[in-house]
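The values are calculated or read from the model by the stated rules, or taken from the named source; none is laboratory data. As the structure is a computational prediction, the values presented were derived from the model and not from experiment. Positions of Cβ are backbone-derived with ideal geometry, glycine not excepted, and every protein chain shown enters the neighbour counts.
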Amino acid sequence: MKVCHVTSSHNRYDGRIFLKQLTSLAKKYDCYLACSDEGKDEIVNNVKIFSTHKKAKNHFERFFIIPKYLKKICLKVDADIYCFHEAELLNLAYFFKKCGKKVIFDSHEDYEMLFLEREWIPSFFRKILLKIYIQKEKKILPKLDYIICAAGQIRDKLIPYNKKTLVIENFPILNSNIKKVKHDKKVICFAGGIDKTWNHDKVIEAISSIKNIRYDIAGNYSLSYYESLKNINGFKKTNFLGKLKFEEVIKLYQKSDIGIALCSYRPNMNFKKGSLGNTKIFEYMMNELPVIFTDFEVFTKINAKKQFGISVNPYDINEIRNAIIYLIKNPKEALKMAKNGRELIEKKYNWNILEKKLYNLYSDLEKI
């Protein structure tokens with residue numbers, strides 16, 4: 001069986017698409033990845049990666065030009081099963097279904113809610129586009145063979161369109177060796193999207209009055225956002241590391257004392273209810289870091305059963321500061337939380353468990 005995953009905007013080595021799904025599937029199937037970047041074609045982890053050799057320069061190219069290039073790659077591969085990973089690829093998914101292929105749509109996000117967060121779209125136009133997209137979902141999703149969702153609340157929205165809607169979360173791949181590096185200062189860390197969504201300004205303000213501490217931040221960031229943080233008290237205690245490779249991110253966790261995950265109450269996060277699709281928290285837990293996280297209901301419930309960190313209002317600077325100080329002054333309690341988090345990952349929240357669900361899905365498609 002030939003399996004081809006298709007992405008218009010994700011990195012070719014994306015954790016969910018490449019490191020988890022395709023790397024697992026390549027153990028059993030002939031696997032391909034069609035991606036859109038300027039990199040060379042290659043074979044990694046037994047996955048054949050074909051690129052458009054063109055990266056979208058703007059939103060227009062991403063939505064209207066890149067899918068045409070990806071279509072050419074998909075036709076060349078001529079796979080038995082296609083899996084599409086972005087909302088703008090629904091038309092392409094529909095095309096290959098009409099060609100008689102088996103087609104999966106992987107909804108990483110609550111795309112309906114994402115429309116409400118797109119600041120580059122004029123506010124009056126967002127609701128119009130949302131209605132258009134919902135109509136597209138209603139037309140196309142029922143005709144596909146499977147829908148995969150990264151979280152339960154996404155499934156609840158999409159299952160009325162297609163009963164074969166399955167949750168496969170984005171839990172981390174288990175790593176075996178947890179090595180901690182000693183250092184003079186207390187280090188709190190963040191790796192991911194560096195923008196206002198993650199309330200970095202609140203964290204920087206919170207550490208301004210805490211002695212002997214550093215905030216290490218890894219990821220891409222815009223110059224305008226960086227400039228907006230420079231005048232905040234505590235900025236001198238902040239270390240911007242830029243985009244790091246996966247191995248470097250692990251090293252960052254090894255030399256850190258606390259993981260920070262203060263996502264805003266976004267529509268895509270189901271507002272204050274939260275979503276298990278917020279994988280950053282699980283990454284910290286796997287690497288034995290106590291976590292200071294947004295008081296989303298879904299994570300607060302897990303924390304109440306086995307405490308892996310401290311939940312706070314992501315906009316409350318005093319709550320954030322007090323949580324950091326508590327973990328610094330109570331190292332034994334912090335270590336216990338770190339061990340609890342790792343235990344939760346090993347027993348319940350890891351990709352090894354989800355891999356079996358993925359195999360069952362593809363085994364079912366083979367029988368169709």
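A single member of ILE320, ILE302, ILE328 is in contact (Cβ under 8 Å) with a residue 40 or more places away in the chain and farther than 26 Å from LEU241 by Cα, and it is ILE302. Flag not set for ILE232, criterion: of a type outside the set (Lys, Arg) and touching a Leu at 6+ places or on another chain (Cβ under 9 Å).
A residue that is of a type in the set (Lys, Arg), more than 28 Å from ASP316 (Cβ to Cβ) and touching a residue at least 60 places away in the same chain (Cβ under 8 Å) can be found somewhere in the stretch 162-185. Only one residue in CYS74, CYS83 is assigned to a helix (DSSP H, G or I) and buried (at least 18 other Cβ atoms within 10 Å of the Cβ). Which one? Exactly one residue qualifies, and that residue is CYS74.
Within the stretch 86-99, one or more residues are among the polar types (S, T, N, Q), part of a helix (DSSP H, G or I), modelled with pLDDT of 90 or more and in the same structural domain as PHE60 (by TED's automatic domain parsing). Quickly run through the stretch 234-263 and pick out the residues that are buried (at least 16 other Cβ atoms within 10 Å of the Cβ) and of a type in the set (Gly, Ala, Ser). Those that are buried (at least 16 other Cβ atoms within 10 Å of the Cβ) and of a type in the set (Gly, Ala, Ser): GLY234, SER256, GLY259, ALA261.
The number of residues in the stretch 44-56 that are basic (Lys, Arg) and in a loop (DSSP other than H, G, I, E, B) comes to 2.
Of the residues in the stretch 315-346, how many are under 21 Å from the mean Cα position of the chain (by Cα) and over 25 Å from LYS202 (Cα atoms)?
Adding up the residues that qualify gives 4.
One residue stands out in the stretch 27-43 among those that are free of Cβ contacts under 8 Å to residues at least 60 places away in the same chain and assigned to a loop (DSSP other than H, G, I, E, B): the one that is surrounded by the most Cβ atoms within 10 Å (Cβ to Cβ), namely SER36.
The set of residues from the stretch 1-23 being within 20 Å of GLU247 (Cβ to Cβ) and either assigned to a strand (DSSP E or B) or out of contact with any strand residue (DSSP E or B) (no Cβ under 9 Å at 6 or more places or on another chain) (or both) comprises GLY15, LEU19, LYS20. Which residues, taken from the stretch 150-187, are polar (S, T, N, Q) and either in contact with a strand residue (DSSP E or B) (Cβ under 7 Å, 6 or more places away or on another chain) or surrounded by 15 or more Cβ atoms within 10 Å (Cβ to Cβ) (or both)? Selection gives GLN153, ASN162, THR165, ASN170. Within the stretch 211-231, if we keep just the residues that are surrounded by 17 or more Cβ atoms within 10 Å (Cβ to Cβ) and part of a loop (DSSP other than H, G, I, E, B), the residue that is modelled with the lowest pLDDT turns out to be TYR221. Confirm whether ILE66 is touching a residue at least 12 places away in the same chain (Cβ under 8 Å), β-branched (Val, Ile, Thr), part of a helix (DSSP H, G or I) and within 27 Å of ILE134 (Cα to Cα). Yes: the conditions hold for ILE66.
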